[in-house]
Amino acid sequence: MKDEQLDWIVTSGLDRAIETANTVAKYHKNTPFLSDSRLNEISWGEQDGVNISEAKSVVDKVAHGWMNGDFDAKIAGGESANEAKARILEAFTDILKVARERNYHKIAVCIHGRIMRVIMGTLVSKDLSKMHHFPHTNCCYHQIRVELDDDAESAVDPAQLTFEPIRIDVRGHLADLGKL
């Protein structure tokens, strides 16, 4: 991604995503940068901050529910896939509005794994049940193309746009991480 021309870097409000976005920004010094908490990882409620090996059975039960179409399933105090989807649609509506207004064409969005799957299922597949079909590795990226019309007055509704996957789960750049 360091050789790509970026118009904007957008990240969740969580430290790991911001760190990744800051690494990307080192190669794109004058690129505008935005942190948006609506892009934060899905809330796992009572399991947030719990060691993954301890939380796995509870998280897996909810994820299994999602795989079977129960997108309202959630951990106590947490967020369902449907709730995350609503938040993502709101965030992407605003991101795409700004992109159109400012004539941004290449945007890097730095986020976490499960919310990335919610985004891919919601925007690329238009089917949340397919979120599990999108592989991802820490620090990988997906390249997605979306065409916006130039009419500044028309609504931007990500649910109605076509998000075309170009490259999925790209990891080649990870070999260079030790050189930073």
Most mobile listed residue (GLU54, GLU83, GLU19) in the chain, GNM with C-alpha springs under 10 Å: GLU54
Residue-level accessible surface for ASP149, protein heavy atoms, 1.4 Å, Å²: 80 Å²
Mean separation of Cα contacts under 8 Å, 6 or more apart, over the residue count of the chain: relative contact order %: 22 percent
For region 27-180, accessible area per residue (1.4 Å probe, heavy atoms of protein chains only), Å²: 57 Å²
Computed over region 81-153: relative contact order in percent, which uses C-alpha pairs under 8 Å that are six or more apart: 29 percent
Theoretical FRET efficiency, 1/(1+(r/R0)^6), r = Cβ-Cβ of ARG16 and ILE166, R0 30 Å, to 0.05: 0.75
Among 118-124, 71-77, 97-103, the order from most to least packed when residues are scored by Cβ within 10 Å on average: 118-124, 71-77, 97-103
Most mobile of MET116, MET131, MET67 in a GNM of the chain (Cα contacts under 10 Å): MET67
Carbon plus sulfur fraction of accessible area for the chain, probe 1.4 Å, in percent: 48 percent
Of (1) 129; (2) 577; (3) 120, the label for volume of the Cα convex hull per residue in Å³ derived from the coordinates: (3)
Cα-projected label distance for PHE33 with ALA159, points at 7 Å along beta-carbon direction, nm: 3.4 nm
Theoretical FRET efficiency, 1/(1+(r/R0)^6), r = Cβ-Cβ of ASN68 and VAL98, R0 35 Å, to 0.05: 0.45
Residue-span extension gain [GLN143 to LYS130] - 0.36 nm each, minus C-alpha spacing: 2.9 nm
Within straight-line cross-link reach of LYS61, lysines at Cα separation under 28 Å, skipping those fewer than 8 residues along the same chain: LYS74, LYS85, LYS126, LYS130
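The values are calculated or read from the model by the stated rules, or taken from the named source; none is laboratory data. Please read these numbers as outputs of a predicted model, since none were measured by experiment. We place every Cβ from the backbone using ideal geometry, glycine too, and count neighbours over all the protein chains shown. These area figures cover heavy atoms from the full protein model, side chains too; ligands, DNA and RNA do not enter into them. Shrake-Rupley method; radii C 1.70, N 1.55, O 1.52, S 1.80 Å.
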